[in-house]
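Rule-based calculations on the coordinates, nothing more; no lab input. None of these values were measured; they are calculated from a predicted model. Because the Cβ atoms are built from the backbone with ideal geometry, glycine has one as well, and the counts that use them run over all protein chains shown.
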């Protein structure tokens, strides 16, 4: 008699869920920037990047913390500056995501790159 094991369902980590939310928020922000519409306020939940549990907790190191801090600064600038600098800080924050993912979980890089806004 063959005993079947219960399938193990994947459960996303806190960081994975946070990053998915960041992606969706920034996808909407991208549209606002392109259309020159007003942006929403910086989402305070993004600050949990400093404490959210990673899928692989060993990947939280000085490099991760440094890039996370730079990302938060660029995101705050994106949503607080109403000028030509908005695009600069938005792309900077997206490039910081890409930079971090180049040394860690590389899977979402093509998706993240689609957030970049190229000047006309």
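See the values below:
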| read-out | value |
| --- | --- |
| Rounded to 10°, Cα long-axis angle of helix 14-34 versus longest principal axis of the chain | 30 |
| Degrees separating the helix 85-103 axis from the principal Cα axis of the chain, which is the longest one | 20 |
| Angle in degrees between helix 62-80 and the longest Cα principal axis of the chain, rounded to the nearest 10 | 40 |
| Diffusion constant of the stretch 34-113 at 20 °C, which comes from Stokes-Einstein with the Kirkwood Cα-pair radius and 1.002 mPa s, µm²/s | 158 |
| Unit Cα scatterers, Debye sum, the stretch 78-120: log10 I(q)/I(0) for q = 0.13, 0.22, 0.29 Å⁻¹ | -0.31, -0.72, -0.97 |
| Packing-based ranking, highest mean first, of 83-95, 54-66 given that Cβ atoms within 10 Å are counted | 83-95, 54-66 |
| Nearest-0.05 FRET efficiency for residue 62 and residue 17, computed from C-beta distance (R0 35 Å) | 0.90 |
